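Here's the structure, in structure tokens; my notes come after.
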Amino acid sequence: MARTGLELSVNPRNLKPLALALAVGVALAACQKADAPAETAAAPVAPAPVVDLATLKTPAISLQASDVDTNIAACQDFDGFVNSKWLAANPVPSDRTTWGPFVVLSERSLEIQQKLVENLAAQAGATGTAKLIGDVWATGMDEAAVNAAGIAPIQPMLDDIAALQTPEQIADFIGRSYAKGQGYLFSFGPLADFKDSSLNIAYATQAGLGLPDRDYYFDEKHAAVREAYVAHIAKVLALAGADEASAQAQAAEVMAFETRLAKVSASSEQLSRDVSLYYNPVSVADADALTPNFKWSAFFASQGLEAPAMFSLAQPDFHKEVSTMLADVPAATWQAYLRFQTVDGLSPYLSDAFAEENFNFYGKTLRGQAEQQPRWKRVLNTINGQMGEALGKEYVDVAFSPEAKARMQELVGNLGTALKARIENLEWMSPETKEQALVKWASFTPKIGYPDKWRDWSGLQTSRDSFVANLMAAGEFNHKFNLAKIGQPVDKTEWQMSPQTVNAYYNPLANEIVFPAAILQPPFFDPEADDAVNYGGIGAVIGHEMIHGYDDQGSRFDATGNFKNWWTEADMAGFKERTGRLVAQFDAYGYGDDMKVNGNLTLGENIADLGGLAVAYDALQKSLENKRVAEIDGYSPDQRFFMNWATVWRVNYKPEELKVRLQTDPHAPARFRAMGAPSNLPAFAAAFGCQEGDPMVRSGEAKVAIW
């Protein structure tokens, strides 16, 4: 289940720990029960000399009066007023598909991480996480060794696939592969039980597709992408050893195979707007009966797990079809599919020919990225994917101060007070539902900067011999770490993002709001800035994550994190009427008739933006109470509050990337986030002197007020 976060980064396919990909809520970390007690996180120490933050090459983005385009009226086009000059001067770099505050801060984070890992890799006799990180970095950066190895590191896997002849052998291979951290067809891992959020159970959910969404396999507008994908499959199979004619024939078979899976897969929109699709509790015996050719009893045994009394077989029609395909799809086609999935998934870590083909399709063709990222960035991204928290411990020691954490704690408290007042004063909600909403409010758990308890990595073995071998060892370690959680109490101290991640999230199963250290920089948070800027930045982020507890999906979980209705029927009807108007508002946004925003797909994030910005504005007014605050650069505090909100959403996109996001991303494009929420707030109109009828003023039935 993907975390309900502030911003979704959409990347090419990549090696990743086996984690459950649910669409709304909390993501699974690649963790397991530690073999030894985990370290307790010490307070960050003074910056180490290995990293001088003042020398970072990528400048941070912040609200500057010089960026404002006074030729554009704020009441007509607020995004243009605040962002157009910057956007025109800052095109997307050749190794990126977007460019804006999130990516800029990610670049700054990567610069810090590079210095850290270079230092770790150079340490003689390093132990613990320093050795793990240093080994992956050193082997990943040894391009000559990676190229010399070619496909050899994964040849045993391909030989195993070539020997598969029967449905039983294929099912057994899938189980054995999962046990090594190499997953096919479905995602499998632990997550809190929807009906008892204190306990982890196993979830199995749909996967197995190479294109971004099931609709890519059917919509005519994606025909060119499908054609390019088939060509990509053929090239990958040819690189793996097939002759040209055989590669093309197998590519057609793989595409037909995936299309069949797509027919029984839920779309991104369905998964993002109905969290119940992830919860289908069944016994192992009932699951075996549903999928007679894929025995879940045997699968659990292959993972070293006792068969549980219950697990969630999410999207059961998908799993039923996989079972049918085991019986009626020829073994040769299964071999082609599994061979392609194996090579394609590991291509970024193999020799240049494989990595370049992977980039050419997933980066260049699908998302419009002009050039592949330099190797050092790709290796760092890999380290973050496999052992991000280990690197995060190093990161916070040099890049996150105790003062920043204390200021964030203060801001979270102020936003919480403002949210409580808003709930208490809702005119459309009954006292009965309000009471439960306030119980949930009182139960929010904020997490700021970094975990209080660091994950233990004892048992993971790496070396300076092979990049792919190190990654496969990490994948297996993470999978086993994850599996050990099944049937165990939920560890409320765990984080689902590393400290160096520029994002934030809400986890409905724990009712927690989480703010990694790396987001606590301009334009989100600046200790030198005035309150208006910080409340329009990180204040609105805090409010956004809190409101996720009350969006169309978060509101289906109670204060304890259980999937339970706490609404009266009348209040829920009123809520849906209001959210329906927000759907209509965003349905009207777009880039012409063929590139429209999907208001339903993006509903949860739009609710969070609207409510979060309103709560942050209330908190700012409280902080300014009885204070005389002068204008800065000719703009009042209220104006600067909204201007920094828009600054957060100044983003350039490659056209291809934008198309993918419109289809799959539960976040609306940044331009419409900059304008969508403010246009519903009377405070915005008052701040800029907007009048009814201006594009930035919604009124009457078009005006949306929820939280």
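The values are calculated or read from the model by the stated rules, or taken from the named source; none is laboratory data. Small disclaimer: the values here were computed from a predicted structure and weren't measured. In this analysis, Cβ positions are derived from the backbone assuming ideal geometry, glycine residues included, and neighbour counts consider all displayed protein chains. Only protein heavy atoms, including side chains, enter the accessible area calculation; ligands, DNA and RNA are left aside. Shrake-Rupley method; radii C 1.70, N 1.55, O 1.52, S 1.80 Å.
Please work out how much length the chain gains when fully extended from Asp633 to Gln165, using 0.36 nm per residue of separation minus the C-alpha to C-alpha distance, in nm with one decimal.
On the way: separation 468, 0.36 × 468 = 168.48 nm, distance 7.28 nm.
Working it through step by step, the gained length comes to 161.2 nm.
Could you state, as a whole-number percent, how many of the C-alpha pairs of the stretch 451-591 are farther apart than 19 Å?
Working: 6908 of 9870 pairs.
For the stretch 451-591, the share of Cα pairs beyond 19 Å comes to 70 percent.
Over the alpha-carbon set of the stretch 313-467, divide Rg by the Kirkwood Rh and report the Rg/Rh ratio to two decimals. Mind dumping the intermediate values first?
Values: Rg = 24.7 Å, Rh = 21.8 Å.
Result for the stretch 313-467 is an Rg/Rh of 1.13.
Relative to the present Cα-Cα distance, how much length would full extension add between Glu424 and Thr493 at 0.36 nm per residue of separation?
Numbers: separation 69, 0.36 × 69 = 24.84 nm, distance 3.03 nm.
Result: 21.8 nm gained on full extension.
For Ser699 and Asp465, what is the calculated FRET efficiency with R₀ set at 60 Å and r taken between the beta-carbons, to the nearest 0.05?
0.35
Tell me the angle of helix 331-346 to the major Cα principal axis of the chain, expressed in degrees between 0 and 90 and rounded to the nearest ten.
That helix lies at roughly 50 degrees to the long axis.
Against the longest alpha carbon principal axis of the chain, how many degrees, from 0 to 90 and to the nearest 10, is the axis of helix 431-442 turned?
70 degrees
Relative to 2.2 N^0.38 Å, what does the C-alpha radius of gyration of the stretch 73-186 come to as a ratio? Two decimals please.
Details: Rg = 23.3 Å, N = 114, 2.2 N^0.38 = 13.3 Å.
Scaled against compact globular proteins, the figure is 1.75.
Assign one of three labels to the stretch 289-400, namely rounded, prolate or oblate, based on the Cα gyration tensor with a ≥ b ≥ c the square roots of its eigenvalues; rounded applies when a/c is under 1.5, prolate when it is not and a/b is larger than b/c, and oblate otherwise. Walk me through the numbers before you get to the answer.
Values: a/c = 2.84, a/b = 1.46, b/c = 1.95.
In terms of gyration-tensor shape, oblate.
Given the pairs Lys295/Lys485; Lys434/Lys576; Lys263/Lys654; Lys453/Lys564, which are separated by over 25 angstrom at their Cα positions? Walk me through the numbers before you get to the answer.
On the way: Lys295/Lys485 22 Å; Lys434/Lys576 16 Å; Lys263/Lys654 29 Å; Lys453/Lys564 30 Å.
Result: Lys263/Lys654; Lys453/Lys564 exceed 25 Å.
Arranged from highest to lowest average of other beta-carbon atoms within 10 Å per residue, in what order do the peptides 420-429, 517-526 appear? Intermediate values should be presented prior to the final figure.
Values: 420-429: 13.9, 517-526: 25.1.
Ranked by mean Cβ neighbours within 10 Å, highest first: 517-526, 420-429.
With the cut-off at 24 Å, tell me which of the pairs Lys447/Lys703; Lys235/Lys596; Lys420/Lys622 have Cα atoms farther apart than that.
Details: Lys447/Lys703 34 Å; Lys235/Lys596 33 Å; Lys420/Lys622 13 Å.
Over 24 Å Cα-Cα: Lys447/Lys703; Lys235/Lys596.
Under a Cβ-Cβ cut-off of 13 Å, what is the net charge of the residues other than Ala152 that fall near it, where Lys and Arg count +1 and Asp and Glu count -1? The partial results should precede the final answer.
Values: positive: none; negative: Asp159, Asp465.
Overall, the nearby charge balance is -2.
How would you order 666-675, 120-129 from highest to lowest mean count of nearby Cβ atoms within 10 Å?
By packing density, highest mean first, the sequence is 666-675, 120-129.
What ³J(HN,Hα) values, in whole Hz, does the Karplus curve 6.51 cos²θ - 1.76 cosθ + 1.60 give for the stretch 383-395 when θ = phi - 60°, with x put for Gly and Pro?
4, 4, x, 9, 8, x, 5, 4, 5, x, 4, 5, 4
With r defined as the distance between the Cβ atoms of Ala406 and Ala152 and R0 fixed at 41 Å, what FRET efficiency is calculated, to the nearest 0.05?
Details: r = 52 Å, r/R0 = 1.27.
Here the calculated transfer efficiency is 0.20.
For the chain, what does the helix formula give at 222 nm: sum of -39500 (n - 2.57) over DSSP H segments with n ≥ 4, over the residue count, nearest 500 deg cm²/dmol? Write out the running numbers ahead of the final one.
Working: 26 runs with 334 residues, N = 707.
About -15000 deg cm²/dmol.
Using only Cα atoms and rounding to the nearest 10 degrees, what angle (0 to 90) does helix 316-328 make with the longest principal axis of the chain?
20 degrees
Give me the tail of P(r) for the stretch 654-707 as a percent: Cα-Cα pairs with distance above 12 Å. Don't skip to the answer; put the middle values down first.
Numbers: 985 of 1431 pairs.
Beyond 12 Å sits 69 percent of the P(r) for the stretch 654-707.
Just to be sure I understand: of the beta bridges DSSP finds with both ends in the chain, what percent are antiparallel, rounded to 5?
Values: 22 of 29 bridges.
Roughly 75 percent of the DSSP beta bridges within the chain come out antiparallel.
Got a number for carbon plus sulfur as a percent of the stretch 449-569's accessible area, 1.4 Å probe? List each step's numbers first, then the result.
Numbers: 1640 of 3450 Å².
Of the solvent-accessible surface of the stretch 449-569, carbon and sulfur hold 48 percent.
Report the extension gain between Ala231 and Ala89 in nm, rounded to one decimal, defined as 0.36 nm multiplied by the number of residues separating them, less their alpha carbon distance.
On the way: separation 142, 0.36 × 142 = 51.12 nm, distance 3.63 nm.
Extending this stretch completely gives an extra 47.5 nm.
Which whole-Hz ³J(HN,Hα) couplings does the stretch 519-531 yield from phi under the Karplus relation 6.51 cos²θ - 1.76 cosθ + 1.60, θ = phi - 60°, glycine and proline marked x?
With coefficients 6.51, -1.76 and 1.60, one gets 7, 8, 9, x, x, 6, 9, 9, x, 8, 8, 6, 4 Hz.
Within the set Lys377/Lys480; Lys195/Lys440; Lys131/Lys480, which residue pairs have Cα atoms separated by over 23 Å?
On the way: Lys377/Lys480 27 Å; Lys195/Lys440 16 Å; Lys131/Lys480 21 Å.
Over 23 Å apart, Cα to Cα: Lys377/Lys480.
Principal axis lengths of the chain from Cα atoms, whole Å, largest first?
76, 59, 51
For the stretch 579-616 and the stretch 483-519, what is the separation of their C-alpha centers, rounded to whole Å?
Here the answer is 26 Å between Cα centres.
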